[in-house]
Each structure stands twice: as structure tokens, then as C-alpha cells.
Amino acid sequence: MSIRINPSILAADFANFQRELQRIATADSAHVDIMDAHFVPNLTFGLPMVERLAEVSPVPLDVHLMIDDPDRWAADYASAGGDSVTFHVEAAADAVAVARSIRAKGARAGAALKPGTPLEPWIPLLDEIDMLLVMTVEPGFGGQEFMPSTMDKLRAAAELAAERGGSLHLQVDGGITLATIRTAAENGADTFVAGSSVFRSDDPAEAIASLRKTAEKAARAL
């Protein structure tokens, strides 16, 4: 699979989102973190914001729901303009039903695992989703340090995906830099959420290109 770089707008200038999205026009998607101050101890955006971002973004929206009750809300975020909508399995009452509701709206479905959530109970869910997000930090805040301990889970997911021969994307989110993207790519990730390393660089386009090149080189070495 090709490498995908999805900068997180959590690191962008909140007062100038349209301009900030234009700065990442060479990315594959814009990663939009939805937090509800319940599932995680932070509050960010909601449906109206996603609708507006979809109107002005030059790239698709990769929506990450860090919220309670995705069973109720996930499909609405697909309708609001999310090209991909990822929910946390820890918050879902029926993860399969949530994934199917997202796909029914024409979006790609993703499922996220917190660092301490094991992969094994969710292996059957892999047939219902388009992307598995392995969190490399605890969800809720940007700017955290990458957790190498999550790489065993990522590698196991990559091996399962290869065995199944499907097109499951493997995403990592948290602390992604030129150093850590190499590690994640070597362990099977193909989709990378990078916040500060892109938006807080002098040249986001160059930062995206450097991250992509580094990940591609690591993936080719597998």
C-alpha cells in the first residue's frame, strides 16, 4: 500500500483553519480529532465544524472520534463530510454495527485501539473496517511522546492483515516525527497522523514530503 500522511489539525492555528488546510494541500487527508470531554479529558470540535471544514478543505477529512456513544454519532460524522470516520472500540456498544453504519453513509470505517487495549478480542472486526488505528499515545491531547511499546500490537495487526490479503490500512497516531515514523513503518503502518511536526514547521509541504519519503524508505526495507 502507498504511504499516507494525514496531518492533525489539532496542531493548527484554530483561528485560521482555511489557511491552515491550504498549507497541507499535499497531504493525503486532514486528521480531525473529535473530543467530547467524557471519553477523553479534552473538548474540541463537533458536527458543524466538520461540515464547514469539508466545504473548504483541499484534502479529504480523516475524522477520529474520541467520544462516548459512537453508536449514536458515527454515521452523522460520515454524513457531515468525513471521508473516513474512526471510532474507539472501547466506547462502542456494538462495534460491528458502528462500522456498518459508517460504510452505509459512503465513508470508510476505522476502528481505534488505545495503547492498553489488546488486539486479540477485535480480530473479527477487521473484516468490517477499512482501517485500524493503533494509538501510539493515550488519546486526548496532542504533543505527546510516541510509545514504542505499542509496536508489538501494530506488528501483530500487520501480520494479520497480510494473512487475510485484504486492503486494511494501518494507522498510527501520536508523537509521529521523522524518527518515529521510521519505526512505525518498519512495523507495518502505512497511514500516519502527524500534528506538531507538520503544522509547526516552517514549511508544512516539505515536512509532509520528508515524512512520506522516510516512511516509504522504511516500508521498502521490509
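The values are calculated or read from the model by the stated rules, or taken from the named source; none is laboratory data. This is a predicted model, so every value here is computed, not measured. Backbone-built Cβ (ideal geometry, glycine too); neighbour counts: all protein chains shown.
General remarks:
- Residue among 59, 50 that alone is assigned to a loop (DSSP other than H, G, I, E, B) and buried (at least 16 other Cβ atoms within 10 Å of the Cβ): 59
- Among the residues listed as 156, 179, 161, the single one being modelled with pLDDT under 95, closer than 21 Å to residue 95 by Cβ and part of a helix (DSSP H, G or I): 161
- When region 4-16 is filtered for residues that are assigned to a helix (DSSP H, G or I) and in contact with a Lys or Arg (Cβ under 8 Å, 6 or more places away or on another chain), only 11 remains.
- If you check 71, 83 for being of a type outside the set (A, V, I, L, M, F, W, C), touching a helix residue (DSSP H, G or I) at 6+ places or on another chain (Cβ under 8 Å), at negative phi and not in a loop (DSSP other than H, G, I, E, B), only one passes: 71.
- Looking only at residues of region 189-207 that are within 15 Å of the chain's Cα centre (by Cα) and assigned to a loop (DSSP other than H, G, I, E, B), we find that the one that is farthest from residue 153 (Cα to Cα) is 195.
- Counted residues, region 114-144 - those being free of Cβ contacts under 8 Å to residues at least 60 places away in the same chain and surrounded by fewer than 22 Cβ atoms within 10 Å (Cβ to Cβ): 19
- Filter result (surrounded by fewer than 21 Cβ atoms within 10 Å (Cβ to Cβ) and without any contact (Cβ under 8 Å) to a residue 40 or more places away in the chain) within region 29-47: 36, 37, 38, 43, 44, 45, 46, 47
- Selection count, region 55-86, where residues are among the small types (Gly, Ala, Ser), within 11 Å of the chain's Cα centre (by Cα) and closer than 17 Å to residue 24 by Cα: 0
- Pair list, Cβ < 7 Å and 6+ apart or interchain, from region 90-101 residues that are more than 19 Å from residue 38 (Cα to Cα) and among the basic types (Lys, Arg) to residues that are surrounded by fewer than 22 Cβ atoms within 10 Å (Cβ to Cβ) and at pLDDT 95 or above: 100/128
- Which listed residue, of 201, 149, 210, 167, is without any contact (Cβ under 8 Å) to a residue 24 or more places away in the chain and hydroxyl-bearing (Ser, Thr, Tyr): 201
- When residue 171 is tested against the conditions (1) in contact with a strand residue (DSSP E or B) (Cβ under 8 Å, 6 or more places away or on another chain); (2) of a type in the set (S, T, N, Q); (3) part of a helix (DSSP H, G or I), the lone failure is (3).
- Subset tally (residues that are within 20 Å of residue 214 (Cβ to Cβ) and not in a loop (DSSP other than H, G, I, E, B)) for region 24-47: 1
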